[in-house]
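The structure appears below as structure tokens.
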Amino acid sequence: MSPNKRLKVGQGQISGYISIFLSILALLGIFCFRYPEQLTTPEFREIYTEEVVEMMMTVGIITSFFFAVLSLILSKRIKWALIGTSIAAVAIILGAFTVEGRSVEKTNWHFGLDWMILDLLLMTAIFIPLELFFPKNKSQTKFHEEWRTDLMYFVISHLFIQFFGIVTQKPAVLFFGWIGLEQLHLWIQNLPFILALFLAFFTTDLFQYWAHRFFHTRVYLWRFHSIHHSTKSMDWLAGSRTHFMDIFFTRAMTFIPLYVLGFSTTVFNVYIIFIAIHAVLIHANTRVNFGPLKYIFTTPQYHHWHHCEDPKYYGHNFASIFPFIDWMFGTYYLPGKKWPAGTGVHEAQYPKGFVKQSVYPFTKSPFDTDLNMDERSDR
């Protein structure tokens with residue numbers, strides 16, 4: 001696939017890639033069934049049932065074969081269809097149609113392969129069609145120069161969900177765990193659902209705003225956060241490109257109000273689902289501007305200005321959910337229907353690849369040749 005050639009409906013590539021994608025997810029799903037203690041997340045096993053997952057795997061295999069045939073018919077080429085059907089065949093041999101769930105023993109560690117599969121399936125189902133039919137950058141392909149790097153960030157952050165979860169929760173527990181919070185938690189949990197949900201959104205976004213802004217105004221921290229800004233191809237995967245130091249600090253700050261206020265499980269789950277989808281949306285390559293809603297919730301247009309490559313627009317739109325928080329602190333910027341001409345970091349170059357980008361900020365600043373940088377970031 002040429003990195004400069006955008007996919008077009010009716011030529012067979014899209015259906016071929018769908019076939020390959022679904023067969024890979026089914027194959028990974030079999031490993032979750034065979035090694036649930038090591039590869040599945042206890043919190044998510046309580047949400048889905050083995051019957052539902054078995055059905056999804058069966059449907060995924062059948063659908064994979066369907067799109068393989070469709071790809072062959074449309075493209076008159078066997079390459080994509082052969083890859084998709086071959087992977088699906090391996091999944092069937094390993095038990096895609098026969099594997100059954102079983103009781104899972106408690107373990108001290110696990111990878112979040114099930115969470116990765118389900119979230120990847122959901123995000124692609126929502127955002128690839130959105131970017132395909134309503135793109136902002138019509139020339140940008142799904143397979144741009146660094147899509148593999150962004151996908152690696154996505155995979156790592158999901159597989160190590162237990163590790164990231166424990167580490168980011170520690171500061172809140174350490175600093176506030178000794179306080180008797182039971183009465184506050186009870187009061188919060190008795191609030192009307194909508195009010196509690198708004199309170200969860202507002203308090204976490206307020207903490208996230210200042211954590212985010214702090215990363216932009218402290219040079220040593222900016223070298224880590226600038227990795228997130230280094231992408232020039234904004235799309236649904238771009239939000240995943242976040243250095244692990246950035247994840248630790250920002251998520252830890254966001255978890256503080258969730259822990260201190262003790263929201264109900266329902267509010268917490270709705271918040272997590274909303275954030276998971278919304279964080280992907282605001283980085284997406286879509287021209288949908290959401291009408292009046294763009295003044296209530298942050299949108300792709302709003303957040304793309306935060307990623308603008310032009311230095312004269314630096315220092316705006318730090319809020320993750322509510323634009324009015326930026327308005328409160330003088331960092332709001334939304335010029336009508338105008339979009340930034342480009343995204344990225346104008347004054348720096350970055351190495352390519354997940355591993356190199358993870359190591360780079362510890363060894364060198366993207367903006368100079370040593371670790372002693374005097375000037376301050378205006379981001």
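Residue 68 passes every criterion in (1) open to solvent by less than 20 Å² (accessible area, probe 1.4 Å); (2) more than 22 Å from the chain's Cα centre (by Cα); (3) in contact (Cβ under 8 Å) with a residue 60 or more places away in the chain apart from (3). Once the stretch 233-253 is narrowed to residues that are closer than 19 Å to residue 120 by Cβ and of a type outside the set (A, V, I, L, M, F, W, C), the residue that is surrounded by the fewest Cβ atoms within 10 Å (Cβ to Cβ) is 242. Would you check if residue 337 is on the phi < 0 side of the Ramachandran plot, of a type in the set (Lys, Arg), assigned to a loop (DSSP other than H, G, I, E, B) and free of Cβ contacts under 8 Å to residues at least 60 places away in the same chain? So residue 337 fits the description; yes. Evaluated against (1) among the aromatic types (Phe, Trp, Tyr); (2) over 19 Å from the mean Cα position of the chain (by Cα); (3) more than 20 Å from residue 165 (Cα to Cα), residue 236 falls short on exactly one condition, (2).
Listed by first and then second residue, the pairs linking a residue in the stretch 1-23 that is at pLDDT below 80 to a residue that is open to solvent by 60 Å² or more (accessible area, probe 1.4 Å), with Cβ atoms under 7 Å apart and 6 or more places separating them unless they lie on different chains, are 3/145; 6/139. Out of everything in the stretch 279-291 that is within 15 Å of the chain's Cα centre (by Cα) and under 14 Å from residue 339 (Cα atoms), what residue ends up being surrounded by the fewest Cβ atoms within 10 Å (Cβ to Cβ)? Top of the filtered list is 282.
Scanning the stretch 19-59 for residues being surrounded by fewer than 21 Cβ atoms within 10 Å (Cβ to Cβ), assigned to a loop (DSSP other than H, G, I, E, B) and not acidic (Asp, Glu) gives a total of 4.
I'm trying to understand the selection: among the residues of the stretch 309-334, which are modelled with pLDDT under 95 and either open to solvent by less than 20 Å² (accessible area, probe 1.4 Å) or part of a loop (DSSP other than H, G, I, E, B) (or both)? If the condition is that a residue be modelled with pLDDT under 95 and either open to solvent by less than 20 Å² (accessible area, probe 1.4 Å) or part of a loop (DSSP other than H, G, I, E, B) (or both), then 309, 310, 314, 315 are the ones that fit.
One residue is enough: does the stretch 274-295 have a residue meeting the conditions in contact with a Phe, Trp or Tyr (Cβ under 8 Å, 6 or more places away or on another chain), basic (Lys, Arg) and touching a residue at least 24 places away in the same chain (Cβ under 8 Å)? Checked against the condition, which is being in contact with a Phe, Trp or Tyr (Cβ under 8 Å, 6 or more places away or on another chain), basic (Lys, Arg) and touching a residue at least 24 places away in the same chain (Cβ under 8 Å), the stretch 274-295 yields at least one hit. Does the stretch 170-189 contain any residue that is within 24 Å of residue 63 (Cβ to Cβ) and of a type outside the set (Phe, Trp, Tyr)? Scanning the stretch 170-189 turns up no residue that is within 24 Å of residue 63 (Cβ to Cβ) and of a type outside the set (Phe, Trp, Tyr). Residue count for the stretch 55-81 under the criterion of being on the phi < 0 side of the Ramachandran plot and of a type in the set (Lys, Arg): the result is 2. Within the stretch 292-302, the residues that satisfy the criterion of being crowded, with 20+ Cβ neighbours inside 10 Å and assigned to a helix (DSSP H, G or I) are 300, 301, 302.
Are any residues in the stretch 75-91 among the hydrophobic types (A, V, I, L, M, F, W, C) and surrounded by 18 or more Cβ atoms within 10 Å (Cβ to Cβ), and if so, which ones? Correct list: 80, 81, 83, 87, 88, 91. The set of residues in the stretch 81-121 that are assigned to a helix (DSSP H, G or I), among the charged types (D, E, K, R) and in contact with a Phe, Trp or Tyr (Cβ under 8 Å, 6 or more places away or on another chain) contains only 114. When residue 112 is tested against (1) over 28 Å from the mean Cα position of the chain (by Cα); (2) open to solvent by less than 70 Å² (accessible area, probe 1.4 Å), only condition (1) is not met. Annotation note: Cβ proximity below 6 Å between a residue of the stretch 343-372 that is farther than 26 Å from residue 284 by Cα and of a type in the set (S, T, N, Q) and a residue that is surrounded by 12 or more Cβ atoms within 10 Å (Cβ to Cβ) and modelled with pLDDT under 70 (sequence gap 6+ or interchain) occurs for 365/373.
The values are calculated or read from the model by the stated rules, or taken from the named source; none is laboratory data. Here the structure is a predicted model, which is why all the values come from computation and not from measurement. With ideal geometry, Cβ positions are generated from the backbone for all residues, glycine too; neighbour counts draw on all protein chains shown. Accessible surface areas use protein heavy atoms only, side chains included; no ligands, DNA or RNA. Shrake-Rupley method; radii C 1.70, N 1.55, O 1.52, S 1.80 Å.
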